[in-house]
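Working notes, structure below.
The values are calculated or read from the model by the stated rules, or taken from the named source; none is laboratory data. What you are looking at is a predicted structure, and each value in this text was computed from that prediction instead of being measured. Every residue, glycine among them, receives a Cβ derived from its backbone with ideal geometry; neighbour counts consider all protein chains shown.
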């Protein structure tokens, strides 16, 4: 501080205004008055310990800035941790989604195979039912034809028997028929 004041005094004393205006240490010399006001101002600042206060304020400001930087670093680290956690969760969710899709595909393929087997069984049952119906209808048709043939044969036999069969022959036919029926029943 003293060096500053001494430098200001010497600079003012050696200036061109000194050579032109006369004695430097006169109150009529504006350079001297400005220098004197400046020195008084500096003295007042030193008396009221303004440089110390300024230093203290600057130290406090530096401390505040350092604290804010530390908080910002902590927040940054916390944000990076949260980001890493979200990225990990996103990766886990993507893997789970892939597993779900794979499982769904497998289930769909299994369901398609099962449906195909069930369809084949259903078709086989329907074919069997149709064949059974055809066989039943065929048997019914054969039975109807046989019954009709029997009816026609009985009617023709009755006609033949009525026209040319004697009572003794009729009795013999009845006896033979009874023996045939007995043989089939036992």
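Check segment 60-80 and report whether any residue there is assigned to a helix (DSSP H, G or I) and in contact with a helix residue (DSSP H, G or I) (Cβ under 8 Å, 6 or more places away or on another chain). No, segment 60-80 has no match at all.
Reported count of residues in segment 150-173, each being exposed (fewer than 10 other Cβ atoms within 10 Å of the Cβ) and either in a helix (DSSP H, G or I) or at pLDDT 75 or above (or both), is 5. Six or more apart or on different chains, Cβ under 9 Å: which pairs go from a residue in segment 137-149 that's assigned to a helix (DSSP H, G or I) to one that's surrounded by 10 or more Cβ atoms within 10 Å (Cβ to Cβ)? Could you list them? Final answer for the pair search is none.
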